[in-house]
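Quick notes on the structure that follows.
The values are calculated or read from the model by the stated rules, or taken from the named source; none is laboratory data. Quantities reported herein were computed from a predicted structural model and do not represent experimental measurements. Every residue, glycine among them, receives a Cβ derived from its backbone with ideal geometry; neighbour counts consider all protein chains shown.
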């Protein structure tokens with residue numbers, strides 16, 4: 001893509017994201033800004049319109065989202081983190097079982113080779129799974145489409161599922177109910193968490209560094225009681241637009257037939273994964289006492305940023321949800337390649 005064409009694609013992506021979000025907002029749909037941006041950019045990409053998200057804009061808003069999620073770690077939440085240990089144990093079992101079942105699905109139904117099916121099946125770590133799968137001889141495009149389509153499908157299914165079956169009613173203004181006024185010192189502290197978090201996490205080569213680093217520093221600041229500020233409504237809406245457009249732009253340049261096949265396969269995989277997420281969510285509620293609404297989002301097969309935004313928007317325990325997705329990413333990134341090599345030797 002030439003420079004001028006790339007610039008046009010970036011502007012188009014952002015304009016479509018805002019327009020799609022505004023349309024869904026006017027239609028009073030759940031999570032309007034994220035789902036609208038996602039739908040508009042995905043449809044445009046499948047129609048042959050070139051869309052691309054500005055890398056710096058993406059990085060900035062992923063960091064903002066990290067700071068937002070860190071704000072959920074109040075001193076009360078920090079004191080109850082020990083209760084989550086049992087839930088993390090259930091999560092490890094879920095990752096193993098879910099990966100095995102979806103691997104069989106992609107191997108037998110989609111007829112993918114072992115490498116492509118395995119890294120397409122891992123429920124998380126999109127970028128890491130594409131790189132690891134490609135390095136071991138898998139089809140990077142199929143792995144990328146499998147993860148991207150699954151995230152898209154899971155987000156729509158969960159958003160409308162909570163609206164239709166979970167009793168969620170969007171606020172009158174279409175945004176989560178969060179404070180809108182921050183003191184100057186709060187802005188300075190949160191911006192500092194974002195910038196320092198990115199630099200520190202990138203230096204340490206932490207997966208999803210742009211989100212995890214700012215989230216950890218923000219969580220420390222909020223958990224220690226240094227600030228009690230919450231993200232403004234308009235900032236949450238902007239983050240939803242950018243994250244939604246980010247999902248849709250993954251389908252840029254891919255033929256509609258290929259996207260359609262990926263979405264069809266992803267629908268089957270997502271149904272399986274959501275069924276297991278619901279099963280384990282029920283187990284967590286019964287054994288640990290965490291509400292099912294939070295456990296389901298924590299185990300759901302969406303991306304860290306996307307599921308965390310849904311938790312923020314639905315006023316579900318965002319600290320619990322985001323922590324589980326981060327732990328799952330580390331489980332998958334650390335164990336998946338090594339486990340595959342071990343199985344292939346066997």
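Tell me which residues, restricted to region 318-328, are buried (at least 22 other Cβ atoms within 10 Å of the Cβ) and more than 17 Å from residue 233 (Cα to Cα).
Here is the first cut: in region 318-328, the ones buried (at least 22 other Cβ atoms within 10 Å of the Cβ) are 318-325, 328.
Once the filter is applied, which keeps residues that are buried (at least 22 other Cβ atoms within 10 Å of the Cβ) and more than 17 Å from residue 233 (Cα to Cα), region 318-328 yields 319, 320, 321, 322, 323, 324, 325, 328.
Just one of the listed residues (111, 107) is without any contact (Cβ under 8 Å) to a residue 12 or more places away in the chain and not in a helix (DSSP H, G or I), namely 111.
In the condition set (1) part of a helix (DSSP H, G or I); (2) more than 30 Å from residue 340 (Cβ to Cβ), residue 29 is compliant with all but (1).
All conditions but one from (1) over 29 Å from residue 19 (Cα atoms); (2) modelled with pLDDT under 90; (3) buried (at least 16 other Cβ atoms within 10 Å of the Cβ) apply to residue 211; the one that does not is (1). Per this entry, residue 68 is counted among residues that are within 20 Å of the chain's Cα centre (by Cα), closer than 30 Å to residue 189 by Cα and surrounded by 23 or more Cβ atoms within 10 Å (Cβ to Cβ). With respect to the conditions (1) more than 17 Å from the chain's Cα centre (by Cα); (2) modelled with pLDDT under 95; (3) surrounded by fewer than 24 Cβ atoms within 10 Å (Cβ to Cβ); (4) more than 24 Å from residue 30 (Cα to Cα), residue 332 falls short on a single one, namely (1).
Among the residues making up region 68-80, a single one is closer than 22 Å to residue 214 by Cβ and without any contact (Cβ under 8 Å) to a residue 12 or more places away in the chain: 76.
For (1) outside any loop (DSSP other than H, G, I, E, B); (2) closer than 22 Å to residue 310 by Cα; (3) more than 17 Å from the chain's Cα centre (by Cα), each residue gets a yes or a no:
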residue: 4; (1), (2), (3): yes, no, yes
residue: 16; (1), (2), (3): yes, yes, yes
residue: 22; (1), (2), (3): yes, yes, yes
residue: 25; (1), (2), (3): yes, yes, yes
residue: 36; (1), (2), (3): yes, yes, no
residue: 40; (1), (2), (3): yes, yes, yes
residue: 73; (1), (2), (3): no, yes, yes
residue: 86; (1), (2), (3): yes, no, yes
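Checking each residue of region 139-155 against the condition of being at pLDDT 90 or above and not in a helix (DSSP H, G or I) gives at least one match.
Screening residue 56 against (1) modelled with pLDDT of 90 or more; (2) assigned to a helix (DSSP H, G or I) leaves a single unmet condition, (1). Criterion applied to 98, 117, 132 was being surrounded by 19 or more Cβ atoms within 10 Å (Cβ to Cβ), part of a helix (DSSP H, G or I), touching a helix residue (DSSP H, G or I) at 6+ places or on another chain (Cβ under 8 Å) and at pLDDT below 90, and the one residue passing it is 132.
So that you can scan it fast, the table gives a plain yes or no per residue for (1) within 25 Å of residue 44 (Cβ to Cβ); (2) modelled with pLDDT of 95 or more:
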position: 255; (1), (2): yes, no
position: 263; (1), (2): yes, no
position: 267; (1), (2): yes, no
position: 281; (1), (2): no, yes
position: 290; (1), (2): no, no
position: 315; (1), (2): no, no
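Taking the stated definitions as given, is residue 93 modelled with pLDDT of 90 or more, in a helix (DSSP H, G or I), surrounded by fewer than 24 Cβ atoms within 10 Å (Cβ to Cβ) and out of contact with any helix residue (DSSP H, G or I) (no Cβ under 7 Å at 6 or more places or on another chain)? Yes; evaluated as a whole, the condition is true for this residue. Restricting attention to region 51-59, does a residue exist that is surrounded by fewer than 23 Cβ atoms within 10 Å (Cβ to Cβ) and under 16 Å from the mean Cα position of the chain (by Cα)? The answer is yes; a qualifying residue exists.
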